[in-house]
Amino acid sequence: MEKLIEALYLYVLDHQMNMIDTRIKDTPFKPQPEELYRNWEGTNNRFCKEYIEKYNIPTYGKEKLNFYYEYNLNRKKINEELGRGYFVPKMYFFRKKTDGKIIRAITWPDNAPILVPEVDYILVYRSFGKPKEGIITFETLKERFGQFLSDFSISNCEIFPAENEKKTQPLFYLMKFDGISNDSIERIPADKIVDEGE
């Protein structure tokens, strides 16, 4: 567009700018390089923020959102490469009922050899032992099982190798959970969350 404006020496009537500054309403102007883009981006960000606040739409960091989508998109392919002996969990979004904070979580059943993406919570399920299900934080996982985790080829992911499964069985089935109630969080679909922006 800038090349066309420059080549034809055009003036622009920018209705988005009119919404920001009524003084320039119906006043065509010769935009500087990238000025239109900056104006439109600024206007869109402003109205998005107002819409998000008005309707209480959940927001999350852009990099973490991208990681969520890329990880889940490639999850089956990763599982095929690792083989049937490994569990590659789906990543989910939850919202804390206390403060509305959005968190990411995975499930870990029965001490299975698992690919562990960086999340906030791990929902643990056990076939025996009491209690049979509970929640630990990512920090607790690293503290208790960190020595059994290995680096993985995908950034922000570690792997719990199959050869460590027997070593960690007592630790897994006897470990105490972090006291976070399942009722304190609620699942939230990823398509209901937007980038928190600047």
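A few points about this structure:
- Qualifying positions in region 66-93 - under 16 Å from residue 196 (Cα atoms) and touching a residue at least 12 places away in the same chain (Cβ under 8 Å): 67, 68, 69, 93
- Screening region 1-97 for helices (runs of 4 or more DSSP H) wholly inside it with 2 or more residues that are in contact with a strand residue (DSSP E or B) (Cβ under 8 Å, 6 or more places away or on another chain) and at pLDDT below 95 returns the ranges 35-55, 62-82.
- Scope region 162-189; condition surrounded by 15 or more Cβ atoms within 10 Å (Cβ to Cβ) and under 24 Å from residue 72 (Cβ atoms); matching residues: 180, 185, 188
- Those strands (runs of 3 or more DSSP E) lying entirely in region 116-186 with at least 2 residues without any contact (Cβ under 8 Å) to a residue 24 or more places away in the chain: 121-125
The values are calculated or read from the model by the stated rules, or taken from the named source; none is laboratory data. On a predicted model such as this, the values are computed, not experimentally measured, just so you know. Glycine gets a Cβ as well: all are built from the backbone with ideal geometry, and neighbour counts include every protein chain shown.
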